[in-house]
Amino acid sequence: MKQDKLFLPTLREAPSDAEAVSHQLLLRAGYIRQTASGIYSYLPLGWRVLRKVSEIVREEMDRIDAQELLMPAMQPTELWKESGRYHVYGQELIRFHDRHDREFALGPTHEEVITTLVRSEVSSYRQLPLTLYQIQTKFRDERRPRFGLLRGREFLMKDAYSFHRSWEELDGTYRRMHQAYRAIFQRCGLDFRAVEADAGAIGGEGGTHEFMALADIGEDTVVSCDSCDYAANLEKATAARHIRVEEDRTIAAARAFEKLHTPGVKTIRELVTFTGLEADRLVKTLIYEADGQPVAVLIRGDHEVNETKLKHVLQAEELALADAAITERVTGAPVGFAGPVGLHIPIVIDCEAADLPSMIVGANEDSYHFSQVVAGRDFVPHTVADVRNAAEGDRCLACGGRLEFHRGIEVGHIFKLGTKYSEKLGASVTDESGQEKPLIMGCYGIGISRILSAVVEQNQDENGIIWPAAIAPFHVHIVVVSIKDEVQTALARQIYQSLRRAGLDVLLDDREERVGVKLKDADLVGIPVRIVVGKYAADGRVEWKMRTEREAMLLGVEEACAMAKEMRQKWESMGGGE
Ligand code: 9G3
């Protein structure tokens, strides 16, 4: 590709509203341009990278016998009413009417479409297992699109769906999909973790894993053990309960609770100062509204409520912290003095708060707390459950190691769906004994366009992007120092043709530009190998520099071409070659 004709509008500066470094660099290096908030055009180099990522995904999907198809973006909303999800998603689901006034949604995902398609075409277990996938644009009207491709409103996803006659058969496909995802993210050069995750609204009955690219910009928190391979999204992560030994429960039970006058002591920090006790001896009482009903949640002063876990424990659709007015109405006291004693609403207490032999809690009276309160004696919890966030430094439940936190970008998510959609939509097969049985399903997503940003977040420096070779828009960037010099342009063309003949993707910077600008652009665009043809061209020597290294070196032309060709072999072998 000759750069003089290439549509590659690089920028010196990123727009001020681009906060994430990947967003800034993809804009500055001319890979994407914003059309509207959360909606992007992929310019030629951006599209080349997207295609390379997509090809890696296709190779790994085809390797596990998944079959590619393409479903429509326009989905009749009757399907969403049939699946019961029409009212689950609000403004995020983009709906419109066609010329016949029929309502459609722009597809955010395709469980409904694929299940009705399979319902009408698959009738016998002999046609199973069946895994279908597509690489297609998804539409989700995010309230706050941000960080460029990391959270867009129109994005490229690979979504796969598998259909089975038994859970064992699903488990087999799920394991193969899990392995294929590892291969895909490794080939894309991502530093990622596969983590146990929460299925959320999709309702994965049998478990779900997310694939997280580690990056500080990531919205998710990955909890991983420093000693074993336990890793989970914070939404789901559990930690070992450290067993208390110091105080005997019977002693605590013998002492009646006492009233403490605690004027102005509203927060745990103030209570620590006032009582001289550590936060892990104190219990905060938070009032939540679960599907509109008030619930008291008791948790140790040094812990945080995990609302994903709490929602599951309460089997609530909607869950939110009650506001001050509701808290005062329910507890009879201003926020900061709420407590379980005398409350007439359900009380959920976190396991580790319940482990306390006795606790200090609000007295449900302004400026008063109770000490030596014993759960089960002075109040009866409705539920004792793990409703807390794991904390950094907690012990790993599996091996006792230390739990560490990392920020992560979700680039993949796989689910064992079970029969949730097949039952709702009536997709079943006759099994060996002629029985009609609902199909057992799995679904598997990869954020293809999001991978571009995740890779850039992990592979960049002060000069620009550093593409892993397998997904770089080109393998080699040839820069001619002065295109007026016949010797230089002839040598550059010779190298260009030789490398292209060897199957390398080569970009030739033949622009009438100062060499400083060309070299800056080359660093910004991030192609793995840079070959500069300049004053040494007359001696048949060129400057060779890897984008990952600071130093360049002088090589003979043959040596440079041979090295580039060898690298291609290496890159191909790292890849998923047959
Ligand atoms: C919607 C809207 C947004 C959504 C969904 C539905 C996320 C929705 C979950 C999934 C689950 C899997 C197949 C590929 C992998 C992920 N956001 N999800 O169902 F209507 Cl507006 O998409 N689907």
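Annotations
- Criterion violated by residue 75 - all others in (1) surrounded by fewer than 19 Cβ atoms within 10 Å (Cβ to Cβ); (2) polar (S, T, N, Q); (3) within 30 Å of residue 429 (Cα to Cα) satisfied: (1)
- The stretch 417-445, residues that are among the small types (Gly, Ala, Ser) and outside any strand (DSSP E or B): 422, 426, 427, 433, 434
- Of the candidates 386, 366, 350, the single residue that is acidic (Asp, Glu), over 30 Å from residue 20 (Cα atoms) and touching a residue at least 60 places away in the same chain (Cβ under 8 Å) is 386.
Rundown of residues vs (1) touching a residue at least 40 places away in the same chain (Cβ under 8 Å); (2) not small (Gly, Ala, Ser), yes/no style:
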{"residue": "49", "(1), (2)": "yes, yes"}
{"residue": "54", "(1), (2)": "yes, no"}
{"residue": "59", "(1), (2)": "yes, yes"}
{"residue": "71", "(1), (2)": "yes, yes"}
{"residue": "75", "(1), (2)": "no, yes"}
{"residue": "78", "(1), (2)": "no, yes"}
{"residue": "92", "(1), (2)": "yes, yes"}
{"residue": "114", "(1), (2)": "yes, yes"}
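- Test: residue in the stretch 120-136 that is part of a helix (DSSP H, G or I), under 29 Å from residue 430 (Cβ atoms) and within 16 Å of the ligand (Cβ to nearest atom): no
- Residue match in the stretch 352-359 (condition: in contact with a Lys or Arg (Cβ under 9 Å, 6 or more places away or on another chain), among the polar types (S, T, N, Q) and at pLDDT below 95): yes
- Each residue in the stretch 382-405 was checked for being not in a loop (DSSP other than H, G, I, E, B) and not acidic (Asp, Glu), and 8 of them qualify.
- Residue check: residue 96 meets all listed conditions (1) loosely packed, with under 14 Cβ neighbours inside 10 Å; (2) more than 14 Å from the ligand (Cβ to nearest atom); (3) outside any loop (DSSP other than H, G, I, E, B) but one, namely (2).
- Those residues of the stretch 139-159 which are of a type in the set (Lys, Arg), within 14 Å of the ligand (Cβ to nearest atom) and surrounded by fewer than 22 Cβ atoms within 10 Å (Cβ to Cβ), in sequence order: 140, 143, 151, 153
- Test: residue in the stretch 513-525 that is within 30 Å of residue 235 (Cβ to Cβ) and away from the ligand (no atom under 16 Å from the Cβ): no
- Any chance residue 101 is in a loop (DSSP other than H, G, I, E, B), away from the ligand (no atom under 13 Å from the Cβ), on the phi > 0 side of the Ramachandran plot and in contact (Cβ under 8 Å) with a residue 40 or more places away in the chain: no
- Among residues of the stretch 104-119, those that are in a loop (DSSP other than H, G, I, E, B) and among the acidic types (Asp, Glu), counted: 0
Residue-by-condition table, conditions (1) of a type in the set (Ser, Thr, Tyr); (2) within 16 Å of the ligand (Cβ to nearest atom):
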| site | (1), (2) |
| --- | --- |
| 161 | yes, yes |
| 165 | no, no |
| 202 | no, yes |
| 228 | no, no |
| 231 | no, no |
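- Qualifying positions in the stretch 177-190 - crowded, with 17+ Cβ neighbours inside 10 Å and either among the charged types (D, E, K, R) or within 11 Å of residue 129 (Cβ to Cβ) (or both): 187
To keep it simple, each residue is scored yes or no on (1) surrounded by fewer than 20 Cβ atoms within 10 Å (Cβ to Cβ); (2) within 30 Å of residue 24 (Cα to Cα); (3) assigned by TED's automatic domain parsing to the domain that holds residue 307.
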| site | (1), (2), (3) |
| --- | --- |
| 393 | yes, no, no |
| 399 | yes, no, no |
| 422 | no, no, no |
| 441 | no, no, no |
| 448 | no, yes, no |
| 453 | no, yes, no |
| 462 | yes, yes, no |
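- Any chance residue 409 is under 30 Å from residue 83 (Cβ atoms) and assigned to a strand (DSSP E or B): yes
- Taking the conditions (1) of a type in the set (Lys, Arg); (2) surrounded by fewer than 17 Cβ atoms within 10 Å (Cβ to Cβ); (3) in a loop (DSSP other than H, G, I, E, B) in turn, residue 85 satisfies each one other than (2).
- Applying the criterion of being surrounded by fewer than 20 Cβ atoms within 10 Å (Cβ to Cβ) and more than 23 Å from residue 441 (Cα to Cα) to the residues of the stretch 204-216, the residue that is farthest from the ligand (Cβ to nearest atom) is 216.
- Given (1) farther than 23 Å from residue 135 by Cα; (2) within 14 Å of the ligand (Cβ to nearest atom), index of the condition residue 107 fails: (1)
- When residue 493 is tested against the conditions (1) charged (D, E, K, R); (2) in a helix (DSSP H, G or I); (3) within 16 Å of the ligand (Cβ to nearest atom), the lone failure is (3).
The values are calculated or read from the model by the stated rules, or taken from the named source; none is laboratory data. These figures come from a predicted structure and were not determined experimentally. Note: ideal-geometry Cβ built from the backbone for every residue, glycine included; neighbour counts use all protein chains shown.
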